[in-house]
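Asker: Before I ask anything, let me first share the structure, which is written out below as C-alpha cells.
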Amino acid sequence: METFYTATEMKDLGLKEYGDDVRISRKSSIYNPDKVSIGDNVRIDDFTVLSGLVTLGSYIHIAAYTAVYGQNGVVMDDFSGLSARVLVYSTSDDYSGEWMTNPTVPAEYKREVAGAVRLGRHSIVGAGSIVMPGVQIGEGAAVGAMSLVTKNLDPWTIYWGIPCKAGKPRNMNALELEVKLKAALNGSE
C-alpha cells in the first residue's frame, strides 16, 4: 500500500482545493476538509492533524506528529515548514480558573483566547515547539526546537526558548535560491 494518498483518493478527501504534487500521508487526519486549501508541492507526513480553517501555500512540509488547529484560521505562506511534533493553535481555553475549559462545556461557561496564526514565507518552526493563538511569524523567521511562541516574530530572525526570544539574524540566502528555483522551473536558467 502506498504511504501517500493517490491522485484519485485525493479527490475523495473533500478538500476545499489543492494543487499539483500534494502528498498527504494516509496516516494523517483532516477534520473539516472543506475548509482546508493546499497549494502545489506540499507534503504532509504521518500522524499529522489538520483541523478547521487551514490554508497552506506552495512548497510546504509538515512533519510527523504535528497538529494545526485552525478554528480561527492558520495560514502557512510559501516555503514555510513545521518540524516534527509542532503544535499550532488559533484558539485556546482561558486557564486562569475563572472559567471552565474544554470543548464539551457550553460557551457561556468558558472563555477562549483566539486569533488567526500566520507563518510567513521561508519561516520554519523547530521540533516540539508550540505556537499560540494570534501569532504572526515574520518572513524567514526561524524558531528553535522546543520553543514557545506567544508573540509576533520579526522577519529573518532566529528565535528560541520558553517563551522564545530573538537570538540573532537569519541568513536571507533562501530568497536568492527561491528565484533560482522558479527560474529553473520556468526553464529560463
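Since every read-out is calculated from the coordinates, none of them should be taken as a lab result. All values derive from a computational prediction rather than experimental measurement. Every residue, glycine among them, receives a Cβ derived from its backbone with ideal geometry; neighbour counts consider all protein chains shown.
Asker: Express in nm, to one decimal, how much length is gained between residue 6 and residue 37 on full extension, taking 0.36 nm for each residue of separation and deducting their alpha carbon distance. Let's see the in-between values first.
Answerer: Numbers: separation 31, 0.36 × 31 = 11.16 nm, distance 1.76 nm.
Between residue 6 and residue 37, full extension yields 9.4 nm more.
Asker: Tell me the label-point distance for the pair residue 151, residue 20, using the 7 Å Cα-to-Cβ offset, in nm and rounded to one decimal.
Answerer: 4.3 nm
Asker: Additional query: Give, in nm to one decimal, the length gained when the segment between residue 105 and residue 180 is fully stretched (0.36 nm per residue of separation minus the Cα-Cα distance). Present the calculation step by step, with values, prior to reporting the outcome.
Answerer: On the way: separation 75, 0.36 × 75 = 27.00 nm, distance 5.17 nm.
Full-extension gain reported as 21.8 nm.
Asker: Just to check I understand the Karplus step: with θ = phi - 60° and J = 6.51 cos²θ - 1.76 cosθ + 1.60, what whole-Hz values come out for segment 155-163, glycine and proline as x?
Answerer: x, 6, 10, 9, 10, 6, x, 10, x
Asker: While we're here: Based only on Cα atoms, what Rg/Rh ratio does segment 23-167 have, Rh being taken as Kirkwood's radius? Before the final figure, lay out the partial values.
Answerer: On the way: Rg = 14.8 Å, Rh = 15.2 Å.
When Rh is taken as the Kirkwood radius, the ratio is 0.97.
Asker: Now for a different question. Got a sec? Charge dipole of the chain, +1 on Cβ for Lys and Arg, -1 for Asp and Glu; which of 114, 90, 172 is way out at the positive end?
Answerer: My answer, from the dipole projection, is 172.
Asker: Residue 23's amide H: which non-local residues (gap 5+, or another chain) put their own amide H closer than 5 Å, with H modeled 1.01 Å from N in plane and none for Pro or chain starts?
Answerer: Residues meeting the criterion, in which the H sits 1.01 Å from N, are 42, 43, 44.
Asker: Please get the size of the charge dipole for segment 88-184, origin at its Cα centre, with Cβ charges of +1 on Lys and Arg and -1 on Asp and Glu, quoted in debye to the nearest 20.
Answerer: On the way: 10 positive and 9 negative charges, 91 e Å.
For segment 88-184, the charge dipole is close to 440 debye.
Asker: Holding the Cα-Cα limit at 31 Å, pick out from 110/151; 35/151; 35/180; 11/182; 27/168; 110/168 the pairs that are longer than that. Before the final figure, lay out each step's value.
Answerer: Details: 110/151 23 Å; 35/151 26 Å; 35/180 33 Å; 11/182 27 Å; 27/168 37 Å; 110/168 39 Å.
Long pairs (Cα-Cα over 31 Å): 35/180; 27/168; 110/168.
Asker: Here's something else I'd like to know. Rounded to the nearest 5, what is the percent of antiparallel bridges among the DSSP beta bridges in the chain? List each step's numbers first, then the result.
Answerer: On the way: 9 of 52 bridges.
Antiparallel: roughly 15 percent of the beta bridges in the chain.
Asker: Another one. At 7 Å along the Cα-to-beta-carbon direction for both residue 95 and residue 168, put a label point, then send me their distance in nm to one decimal.
Answerer: 3.2 nm
Asker: Assign unit charges at the C-beta atoms only (+1 for Lys and Arg, -1 for Asp and Glu), then state the dipole size of the chain relative to its Cα centre in Debye, rounded to the nearest 20.
Answerer: Numbers: 18 positive and 22 negative charges, 90 e Å.
Result for the chain is approximately 440 debye, rounded to the nearest 20.
Asker: At 7 Å along Cα-to-Cβ for each site, give me the label-to-label distance between residue 114 and residue 27 in nm.
Answerer: Rounded to a tenth, the inter-label distance reads 3.4 nm.
Asker: Here is a follow-up. Hey, what number do you get for the chain at 222 nm if only DSSP H runs of n ≥ 4 count, each worth -39500 (n - 2.57), divided across all residues, to the nearest 500?
Answerer: It comes out at -3000 deg cm²/dmol, rounded to the nearest 500.
Asker: Cα convex hull of segment 51-122: mean projected area in nm², to one decimal?
Answerer: Projected area, direction-averaged: 5.2 nm².
Asker: Along segment 49-66, what does the Karplus equation 6.51 cos²θ - 1.76 cosθ + 1.60 (θ = phi - 60°) give for ³J(HN,Hα), rounded to whole Hz, x for Gly and Pro?
Answerer: Working through the residues one at a time gives 10, 10, 9, x, 7, 10, 10, 10, x, 9, 6, 10, 10, 10, 7, 4, 6, 9 Hz.
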